[in-house]
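Before any comments, here is the structure.
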Amino acid sequence: DAMVIQNPRYQVTQFGKPVTLSCSQTLNHNVMYWYQQKSSQAPKLLFHYYDKDFNNEADTPDNFQSRRPNTSFCFLDIRSPGLGDAAMYLCATSRTGEQETQYFGPGTRLLVL
Amino acid sequence: AQSVAQPEDQVNVAEGNPLTVKCTYSVSGNPYLFWYVQYPNRGLQFLLKYITGDNLVKGSYGFEAEFNKSQTSFHLKKPSALVSDSALYFCAVRDPFRGSARQLTFGSGTQLTVLP
């Protein structure tokens, strides 16, 4: 089945130690998104790629970076995680022309010690 | 700016009874509206969407939603609730006329608990 895959599902890191979360998709969607979700709150969009074009939200901290080496993969890099960055990180994809319905992966829960 | 309100943080309903999860929205034009469900420690799962056409939209797992333009609402409904429907539900809106903007605006979420 076509799907959005996130690895790992759970990630533990230390305060200040860089961490990378990965997302892959078999849907062949051209748009990929990264969201941060805390404590069952609404997901907060960090950034998205429209094809190769990177779009950062105005309030996304510089500590968060992203890479999209090809259509299928997208990475979220947290350069120096703080305790406040502990959250669920959700990857989503959509295709232009399909009303941009977004399909989400299972998420990666990040714990910062 | 677009916005979504889910006025109820928590909805409790007995199994077998009908359920409604409320959502109201604000956009400048005709909205794209979505419902997602989230189970514990999982991603958001797409349930249904309204783009245009029939105001009553049917989705996955027996859920449906009714678009009401005059009341700017898009309430989620199910005729007979199941215990397995217990989850966190998010309403989301996108304004398709906001140029290249793609972001969904999510409501704050409603925790649905179906009691056996």
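The values are calculated or read from the model by the stated rules, or taken from the named source; none is laboratory data. The structure presented is a predicted model; accordingly, all values stated were derived computationally and were not measured. Here the Cβ is made from the backbone with ideal geometry for all residues, glycine too, and neighbour counts use every protein chain on show. Heads up: the accessible areas ignore ligands, DNA and RNA and are worked out on the full protein's heavy atoms, side chains in. Shrake-Rupley method; radii C 1.70, N 1.55, O 1.52, S 1.80 Å.
Structural remarks
- With kT/(6 pi eta Rh) evaluated at 25 °C and eta = 0.890 mPa s, and Rh the Kirkwood radius from Cα pairs, chain A diffuses with a coefficient of 175 µm²/s according to Stokes-Einstein.
- When each of B:49/B:69; B:22/B:69; B:22/B:78; A:38/B:22; A:44/B:58; A:17/A:44 is checked by Cα-Cα distance, pairs over 18 Å: A:38/B:22; A:44/B:58; A:17/A:44
- With all pairs of different C-alpha atoms in the average, the Kirkwood value for the hydrodynamic radius of the protein assembly as shown is 18.2 Å.
- Top of B:92, B:14, B:81 by mean-square fluctuation, Gaussian network on chain B, Cα under 10 Å: B:14
- Each Lys and Arg contributes +1 and each Asp and Glu -1, all at the Cβ; summed about the Cα centre of the range A:4-112, the dipole is approximately 380 debye.
- Counting, for every residue in A:83-90, the Cβ atoms of other protein chains within 10 Å of its Cβ and taking the mean gives 1.
- The translational diffusion coefficient of chain B, from Stokes-Einstein at 20 °C and 1.002 mPa s with a Kirkwood hydrodynamic radius over alpha carbon pairs, comes to 150 µm²/s.
- For peptide B:34-41, the mean count of partner chain Cβ atoms within 10 Å of a residue's Cβ comes to 3.
- Segment residue B:1-residue B:41, extension gain: residue separation times 0.36 nm, minus the distance between their alpha carbons: 11.4 nm
- For chain B, the relative contact order comes to 38 percent (Cα pairs under 8 Å, sequence separation of at least 6).
- Relative contact order of the range A:4-112, pairs being alpha-carbon contacts under 8 Å that are 6 or more residues apart, as %: 38
- Label-to-label distance, residue B:108 versus residue B:84, with points set 7 angstrom from Cα along the beta-carbon direction: 3.1 nm.
- Surface accessible to a 1.4 Å probe, per residue, for the residues of the range B:1-53, Å²: 47
- Percent accessible area from carbon and sulfur atoms, the range B:3-115, protein chains only, probe 1.4 Å: 49
- Taking the 1.4 Å solvent-accessible surface of the range A:4-112 as the whole, the part contributed by carbon and sulfur is 49%.
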